[in-house]
Amino acid sequence: QVQLVESGGGLVQPGGSLRLSCVASGIPFTVTTMDWYRQAPGKQRELVASISSNGVTNYSDSVKGRFTISRENAKNIAYLQMNNLKPEDTAVYYCNGRNIWRNYWGQGTQVTVSS
């Protein structure tokens with residue numbers, strides 16, 4: 001069964017940190033690029049960070065220097081370490097896996113940055 005399950009979201013104060021996890025099952029994880037997207041209320045879903053199967057990373061300008069994407073191929077897990085969080089980072093964060101065959105989406109995890 002194909003599943004991507006995100007966890008680690010929650011409520012955090014501005015300047016705080018969270019680490020999101022995405023556990024994948026039923027997909028060829030080692031040949032799959034993993035992305036983190038986010039969608040704020042009333043806004044389009046946007047790509048935040050990507051990590052290729054061989055570890056090459058890319059970030060949106062809005063999170064560069066604050067967020068770090070990583071992966072553990074042995075455990076089929078992708079992470080998003082988020083530091084110095086700002087209120088504008090508030091959104092539902094989604095994990096996506098993509099390879100030459102298809103895209104896979106998780107159900108999302110809520111991140112709220114507020115004092």
Next item on the list: Mind telling me which of S62, S17, S25 comes out most flexible in a GNM of the chain, alpha-carbon contacts under 10 Å?
Entry: S62
Item checked: Whole-percent carbon and sulfur share, accessible surface of the stretch 37-115, 1.4 Å -> 46
Checklist line | Positive dipole terminus of the stretch 55-115, leading residue within G108, V56, M82 (C-beta point charges) | finding: V56
Checklist line | Reachable lysines from K75, criterion Cα separation under 29 angstrom, eight or more residues apart if same chain | finding: K64
Check: Where only protein heavy atoms count, and the probe is 1.4 Å, what is the accessible area per residue for the chain in Å²?
Finding: 52
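In debye to the nearest 20, how big a dipole does the chain give about its Cα centre with +1 on each Lys and Arg Cβ and -1 on each Asp and Glu Cβ?
Magnitude of the dipole: close to 80 debye.
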Checklist line | Hull volume in cubic angstrom per residue (convex hull over the Cα atoms of the stretch 68-115) | finding: 100
Note to self: Can you tell me which of L80, L11, L47 moves the most in a GNM of the chain? Springs connect C-alpha atoms under 10 Å apart.
What the structure shows: L11
Next item on the list: Report ³J(HN,Hα) in whole Hz for each residue of the stretch 66-81, in order, from the Karplus equation J = 6.51 cos²θ - 1.76 cosθ + 1.60 where θ = phi - 60°; Gly and Pro get x.
Entry: 10, 10, 9, 9, 8, 8, 10, 5, 5, 10, 6, 10, 10, 10, 9, 8
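The values are calculated or read from the model by the stated rules, or taken from the named source; none is laboratory data. Small disclaimer: the values here were computed from a predicted structure and weren't measured. Using ideal geometry, Cβ is built from the backbone for each residue, glycine included, and neighbour counts are taken over all protein chains shown. Quick note on the areas: whole protein, heavy atoms, side chains included, nothing else; ligands and nucleic acids left out. Shrake-Rupley method; radii C 1.70, N 1.55, O 1.52, S 1.80 Å.
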